[in-house]
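Comments concern the structure below.
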Amino acid sequence: MNFFLETLKVLLLSVYFLVESLVLLFLPVRKKSVAGEIVLITGAGSGIGRLLALKFARLGATIVLWDINQEGNEETSRLARENGAVRVRAYLCDCSKRQEIYRVADQVKKEVGDVSILINCAGIVTGKTFMDSPDTLVEKTMEVNIMAHFWTYKAFLPAMMASNHGHLVSIASSAGLIAVNGLADYCASKFAAVGFAEAIGLEMLALGKTGIKTTVVCPYVINTGMFDGCKTKWPRLFPILDSEYAAEKIVSAIQREQVYLLMPRIMYYLCFLKIILPVKMGLVVADYLGAFHLMDDFKGDKERH
Ligand SMILES: NC(=O)c1ccc[n+]([C@@H]2O[C@H](COP(=O)([O-])OP(=O)(O)OC[C@H]3O[C@@H](n4cnc5c(N)ncnc54)[C@H](O)[C@@H]3O)[C@@H](O)[C@H]2O)c1
């Protein structure tokens, strides 16, 4: 170990990677083919999960759909076939239950094969202040939004590691990077999802499993119905995202092997500001951006589920 040489190396590599990322901004990035890959999507019965399934179907992947909502999942399966899915299988799976995840995962391995792209998309939101949130819903939120990620990785990662090939996709949230008033359990689960995905990404690198990619997705509100009633204070700055647009960006990020996808783009700058601004100044900015009142008129998706 030589302090001078190691410091010089890190400085030179930093400059190199900075220039590389600037150059890549202006060059078309190669998109990997997902044809023939086995893509498993949890929460495929509606919203973003369904749209991702349809897009992967068009790209020639084998699609495995998991949801607790059998009707919604079968509808996704039907639509995927219409969109040209070569192979599609829908499974009823309650992702809040570890043993059920392991059981259905074994069934998938036997009936379809080893999953090579795992997309954890199933999610729920309580949408109440912390003291008004029933314990059962707090627990359920943690089970679906983060614990399920642990168990699905335990089930499908070994085969990816054995072949040094795979992609782990976590549909987290901008609420997993910057907290929002009225979303305590949801934020906790999404911060955990971001941390878990980052840590597993590092673990794969440390183990030399460079063929296993990670993509962490952190969108602001999307118009799927999950956050019905939420109003954005400055729609031009913070638009409610269109679900079709969000799904397209997610598929593109996976194909480009992008590690982080934050939507809208302003989220990248806000994350930076959160760390560097003095706390009181950060709170003024958060209030200005509407972080205290986003959930005031929250209705959620009671009608759909
Ligand atoms: N909609 C948004 O504004 C928004 C913003 C940021 C992040 N997200 C995240 O994106 C993901 C998809 O959300 P969406 O907007 O498509 O919502 P959605 O409600 O349309 O989809 C969620 C799906 O998860 C399924 N699900 C719920 N509990 C389950 C369980 N126990 N087991 C299996 N499946 C279960 C539901 O049946 C549903 O099909 C979620 O993880 C959500 O937290 C959504």
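The values are calculated or read from the model by the stated rules, or taken from the named source; none is laboratory data. Just so you know, these numbers come straight off a predicted model, no measurement behind them. What goes into the accessible areas is simple: the full protein's heavy atoms, side chains included, and nothing from ligands, DNA or RNA. Shrake-Rupley method; radii C 1.70, N 1.55, O 1.52, S 1.80 Å.
Once you have a ≥ b ≥ c as the square roots of the Cα gyration tensor eigenvalues for the range 162-239, tell me rounded if a/c is under 1.5, and otherwise prolate or oblate according to whether a/b is larger than b/c.
Working: a/c = 3.13, a/b = 2.36, b/c = 1.32.
Taking the square roots of the gyration eigenvalues as a ≥ b ≥ c, the range 162-239 is prolate.
Which of the aspartates and glutamates could be linked to Lys31 by a straight reach, that is with a Cα gap under 12 Å, when you skip same-chain ones fewer than 8 residues away?
Glu257
List every DSSP H helix in the chain whose Cα atoms extend 24 Å or more along the helix's own long axis and whose mean Kyte-Doolittle hydropathy is at least 0.0. Could the numbers behind the result be given before it?
Working: long enough: 3-25 (33 Å, 1.95); 184-206 (33 Å, 0.94).
The answer, listed by residue number, is 3-25, 184-206.
Accessible surface of Tyr245 in the full protein assembly, 1.4 angstrom probe, to the nearest 10 Å²?
110
Would you please classify the overall shape of the range 32-288 from the alpha carbon gyration tensor, given that a ≥ b ≥ c denote the square roots of the eigenvalues, rounded means a/c under 1.5, and beyond that prolate means a/b larger than b/c while oblate covers the rest?
Working: a/c = 1.57, a/b = 1.47, b/c = 1.07.
Since a/c reaches 1.5 and a/b is larger than b/c, the shape of the range 32-288 is classed as prolate.
Would you tell me the accessible area of Asp287, worked out with a 1.4 angstrom probe on the heavy atoms of the protein chains, in Å² to the nearest 10?
Estimated to the nearest 10 Å², Asp287 gives 70 Å².
Rolling a 1.4 angstrom probe over the protein chains, ignoring ligands and nucleic acids, what is the accessible area of Val15 in square angstrom, nearest 10?
Val15 has an accessible surface of roughly 90 Å² with all protein chains in place.
Take every DSSP beta bridge whose two residues both sit in the chain, then give the antiparallel share in percent to the nearest 5.
Numbers: 0 of 28 bridges.
Expressed as a percentage, antiparallel bridges in the chain total about 0.
Can you tell me the relative contact order of the chain? Whole percent, Cα pairs under 8 Å, sequence separation 6 or more.
Values: 524 pairs, mean separation 49.8, N = 305.
Reported as a whole number, the value is 16 percent.
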